[in-house]
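**Student:** There's a structure below that I have some questions on.
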(Lines give C-alpha, C1' and ligand atoms only; values in the text may rest on other atoms or scores of the structure.)
Protein backbone atom coordinates (compact mmCIF):
# COMPACT_ATOMS: atom_id res chain seq x y z
CA UNK A 1 0.00 0.00 0.00
CA UNK A 2 1.51 3.33 -1.02
CA UNK A 3 0.90 6.61 0.70
CA UNK A 4 0.25 9.50 -1.67
CA UNK A 5 1.34 12.82 -0.20
CA UNK A 6 -1.02 15.76 -0.41
CA UNK A 7 0.73 18.87 -1.73
CA UNK A 8 -0.66 22.18 -0.42
CA UNK A 9 -2.37 24.29 -3.08
CA UNK A 10 -0.07 27.28 -2.61
CA UNK A 11 3.02 25.07 -2.96
CA UNK A 12 1.58 23.58 -6.14
CA UNK A 13 0.90 27.03 -7.55
CA UNK A 14 4.36 28.27 -6.59
CA UNK A 15 6.05 25.23 -8.17
CA UNK A 16 4.01 25.80 -11.34
CA UNK A 17 5.14 29.43 -11.44
CA UNK A 18 8.76 28.42 -10.87
CA UNK A 19 8.59 25.79 -13.60
CA UNK A 20 7.11 28.28 -16.06
CA UNK A 21 9.64 30.93 -15.05
CA UNK A 22 12.62 28.66 -15.62
CA UNK A 23 11.16 27.40 -18.92
CA UNK A 24 10.61 30.97 -20.12
CA UNK A 25 14.12 31.99 -19.01
CA UNK A 26 15.57 29.03 -20.89
CA UNK A 27 13.74 30.13 -24.04
CA UNK A 28 14.85 33.76 -23.69
CA UNK A 29 18.50 33.04 -22.91
CA UNK A 30 18.66 30.44 -25.69
CA UNK A 31 16.97 32.38 -28.49
CA UNK A 32 17.00 36.05 -27.45
CA UNK A 33 20.40 36.49 -25.77
CA UNK A 34 21.72 38.86 -28.43
CA UNK A 35 18.74 41.16 -27.90
CA UNK A 36 19.32 41.13 -24.15
CA UNK A 37 23.01 41.93 -24.62
CA UNK A 38 22.28 44.72 -27.12
CA UNK A 39 19.66 46.40 -24.90
CA UNK A 40 21.68 46.77 -21.72
CA UNK A 41 22.06 50.54 -22.09
CA UNK A 42 25.07 50.97 -19.85
CA UNK A 43 24.18 48.86 -16.80
CA UNK A 44 26.82 46.18 -17.14
CA UNK A 45 28.42 43.96 -19.70
CA UNK A 46 27.32 40.52 -20.83
CA UNK A 47 30.15 38.78 -22.66
CA UNK A 48 29.38 36.02 -25.14
CA UNK A 49 30.52 33.33 -22.70
CA UNK A 50 27.76 34.37 -20.30
CA UNK A 51 25.04 32.75 -22.42
CA UNK A 52 26.08 29.11 -21.83
CA UNK A 53 26.65 29.85 -18.14
CA UNK A 54 23.15 31.30 -17.79
CA UNK A 55 21.68 28.35 -19.67
CA UNK A 56 23.43 25.86 -17.36
CA UNK A 57 22.21 27.77 -14.29
CA UNK A 58 18.66 27.81 -15.66
CA UNK A 59 18.77 24.07 -16.42
CA UNK A 60 20.03 23.38 -12.90
CA UNK A 61 17.19 25.50 -11.52
CA UNK A 62 14.66 23.66 -13.64
CA UNK A 63 16.09 20.34 -12.44
CA UNK A 64 15.87 21.55 -8.83
CA UNK A 65 12.19 22.42 -9.27
CA UNK A 66 11.57 19.00 -10.79
CA UNK A 67 13.17 17.46 -7.69
CA UNK A 68 10.77 19.48 -5.53
CA UNK A 69 7.85 18.16 -7.59
CA UNK A 70 9.13 14.69 -6.63
CA UNK A 71 9.33 15.53 -2.91
CA UNK A 72 13.15 15.75 -2.81
CA UNK A 73 14.69 18.23 -0.36
CA UNK A 74 17.77 18.29 -2.59
CA UNK A 75 15.84 20.58 -4.93
CA UNK A 76 15.50 23.25 -2.25
CA UNK A 77 19.19 23.03 -1.37
CA UNK A 78 20.17 23.34 -5.04
CA UNK A 79 17.95 26.41 -5.45
CA UNK A 80 19.54 28.10 -2.43
CA UNK A 81 23.02 27.38 -3.82
CA UNK A 82 21.96 28.67 -7.24
CA UNK A 83 20.92 31.98 -5.67
CA UNK A 84 24.47 32.41 -4.34
CA UNK A 85 26.16 31.33 -7.59
CA UNK A 86 23.84 33.47 -9.71
CA UNK A 87 24.47 36.50 -7.49
CA UNK A 88 28.25 36.14 -7.88
CA UNK A 89 27.91 35.64 -11.64
CA UNK A 90 25.59 38.64 -11.97
CA UNK A 91 27.92 40.75 -9.84
CA UNK A 92 30.83 39.95 -12.17
CA UNK A 93 28.88 40.55 -15.37
CA UNK A 94 26.27 43.15 -14.51
CA UNK A 95 27.71 45.04 -11.56
CA UNK A 96 25.51 46.73 -8.95
CA UNK A 97 22.24 45.69 -10.59
CA UNK A 98 23.06 42.19 -9.28
CA UNK A 99 21.80 43.30 -5.85
CA UNK A 100 18.29 43.75 -7.26
CA UNK A 101 18.51 40.25 -8.70
CA UNK A 102 19.68 38.94 -5.32
CA UNK A 103 16.79 40.55 -3.45
CA UNK A 104 14.25 39.14 -5.89
CA UNK A 105 15.81 35.66 -5.69
CA UNK A 106 15.82 35.75 -1.89
CA UNK A 107 12.16 36.74 -1.86
CA UNK A 108 11.43 33.78 -4.15
CA UNK A 109 13.34 31.39 -1.89
CA UNK A 110 11.52 32.72 1.19
CA UNK A 111 8.15 32.25 -0.50
CA UNK A 112 9.17 28.71 -1.44
CA UNK A 113 10.30 28.00 2.13
CA UNK A 114 7.00 29.18 3.61
CA UNK A 115 5.05 27.24 0.97
CA UNK A 116 7.02 24.09 1.86
CA UNK A 117 6.88 24.61 5.63
CA UNK A 118 3.53 22.80 6.24
CA UNK A 119 4.88 19.68 4.52
CA UNK A 120 8.60 20.19 5.23
CA UNK A 121 9.06 16.74 6.78
CA UNK A 122 7.40 15.00 3.83
CA UNK A 123 10.41 15.91 1.68
CA UNK A 124 13.13 13.29 1.59
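**Student:** So which residues in segment 1-16 are over 16 Å from residue 111 (Cα atoms) and either at pLDDT 80 or above or surrounded by 15 or more Cβ atoms within 10 Å (Cβ to Cβ) (or both)?
**Tutor:** 6
**Student:** Sticking with this structure for a sec: Give segment 76-112 a look and list any residue that's in contact (Cβ under 8 Å) with a residue 40 or more places away in the chain and over 24 Å from residue 39 (Cα atoms), or say none.
**Tutor:** 76, 108, 111, 112
**Student:** Mind listing just one residue for me: the one in segment 17-64 that is loosely packed, with under 13 Cβ neighbours inside 10 Å, assigned to a helix (DSSP H, G or I) and modelled with pLDDT under 85 and, of those, farthest from the chain's Cα centre (by Cα)?
**Tutor:** Ranking the qualifying residues of segment 17-64, first place goes to 38.
The values are calculated or read from the model by the stated rules, or taken from the named source; none is laboratory data. If you're wondering where the values come from, they're calculated on a predicted model, not measured in any experiment. Backbone-built Cβ (ideal geometry, glycine too); neighbour counts: all protein chains shown.
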